[in-house]
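The values are calculated or read from the model by the stated rules, or taken from the named source; none is laboratory data. Quick caveat: nothing in here was measured; it's all calculated off a predicted structure. Note: ideal-geometry Cβ built from the backbone for every residue, glycine included; neighbour counts use all protein chains shown. For the accessible areas, the whole protein counts, side chains as well, though only heavy atoms, and no ligand, DNA or RNA atoms are used. Shrake-Rupley method; radii C 1.70, N 1.55, O 1.52, S 1.80 Å.
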Amino acid sequence: MGGASFNPGDSHGFMQAVRLLSATPVPVPAPSPFKFEMSAEAAEHNTAVLETFDNDLGKAIDGSPGTHISYGSEVRPPTQLCPLLGHHPSWQELQDDLLYGIAYPFETTITEEDRKAMLEENLARGNHKSAVKEEDRHHVTKLMNLDVDHGYAIPLTVEGVRKLKDAEVYPVGLQNQMTIDEDGNSIPKKRVTHDLSHNKASGNSVNQRVDSSDLPTAIYGHAMRRVLHLIHHIRRHNPGKRILCNKFDIDKAYRRLHTRASTAAKCIAVWFLDDMWKERSDENSVGLVMTRLPFGAGPAPPKFCIVSETVFDLGADLLS
């Protein structure tokens, strides 16, 4: 795919690459054959679409090039990024993730018999109590709807989930967090988590099967220590001057990154249509195939770190 268009240390060549990239048009993703609506009709439509691809999500994605379900559709194509980022130590892994989707490095596999048994067991069990409490379940419904509306999750019928190649279902829970409003006041926040560690007793969960030694280091886990060292360095060299810090949040950051089809099929959640609270059944349930990086996957933080470190290193170079 070529390499960087300048040599390391060439600030003039670096800025030329930045200007060229910023002036290069980005192709707009086309619609995919899937419907992204939280409805029985959309689930049935999407199930029928997958049947034309032998119930293989990978074939469906490969058969829909240039659409928003294509790997890397949220960012510029690697062919555009390579002249600027080719020197970065994480570029090769980032490029692979953008071209082929993020794949989890599984150390062990499960048999088809065990997979199907676990699928039925988790379908029957349902979600965690934190997600279905009467006072909180509307939060989950809202967040699930957003994932579907934004095209991050593909709704299927429950029978379609059973037919999907490599399909695994895991329960969702609701986590209480704190954030701040525009005035800096602390306010409560709800986050849906996908429990990909469920089935610990069997040792067959997604997170338990991942080989963590084959994952990159989650460097941003040490962010506070790095910020404190930087403040110390700045203060030592600039005594008496104000030190300004800026913190911002990338909206739905994990959801910007596609997972590979074989990984996405292992990260399915099940939620419900409006009449779920009358009586839970396959007919008022939808399977949501999470095609983006989920909250709850062990590999998610280190894999996202590949992107965040590249972005912030690029920002540091631009400031220098």
Which of the pairs K163/K303; K163/K190; K35/K303; K133/K189; K189/K266 have their Cα atoms more than 25 Å apart in this structure?
-> K163/K303; K163/K190; K35/K303; K189/K266
Local net charge near S205, Cβ-Cβ under 11 Å (Lys/Arg +1, Asp/Glu -1) = +1
Which residues in the range 190-224 have a backbone N closer than 17 Å to a point placed 7 Å from the Cα of A117 along the Cα-to-Cβ line?
-> 199-206
How large is Rg over Rh for the range 96-182, taking Rg from the Cα atoms and Rh as the Kirkwood inverse mean of 1/r across Cα pairs?
-> 1.02
Angle between the chain longest axis and helix 300-319 axis [Cα atoms, degrees, rounded to 10] | 30 degrees
Lys and Arg at +1, Asp and Glu at -1: neighbours of I234 with Cβ under 12 Å from its Cβ sum to +4
With all protein chains present, how much of the accessible area of the chain (probe radius 1.4 Å) comes from carbon and sulfur, to the nearest whole percent?
-> 53 percent
What is the helix-to-structure angle for 223-237, meaning the angle in degrees between its Cα long axis and the longest Cα principal axis of the chain, kept from 0 to 90 and rounded to the nearest 10?
-> 10 degrees
In debye, nearest 20: dipole of the chain around its Cα centre with unit charges on the Cβ of K, R (+) and D, E (-)?
-> 1400 debye
Determine ³J(HN,Hα), in whole Hz, for all residues of the range 105-121 in sequence, where each value follows from phi through the Karplus function 6.51 cos²θ - 1.76 cosθ + 1.60 and θ = phi - 60°; x replaces Gly and Pro.
-> x, 6, 8, 10, 10, 10, 6, 4, 5, 5, 4, 5, 5, 5, 4, 5, 5
Please state the equivalent ellipsoid semi-axes for the chain: what are the square roots of 5 times the Cα gyration tensor eigenvalues, largest first, in whole Å?
-> 37, 25, 19
G296's amide H: which non-local residues (gap 5+, or another chain) put their own amide H closer than 5 Å, with H modeled 1.01 Å from N in plane and none for Pro or chain starts?
-> H194
Per residue, in Å², the accessible surface of the range 57-131 once ligands and nucleic acids are set aside, probe 1.4 Å | 49 Å²
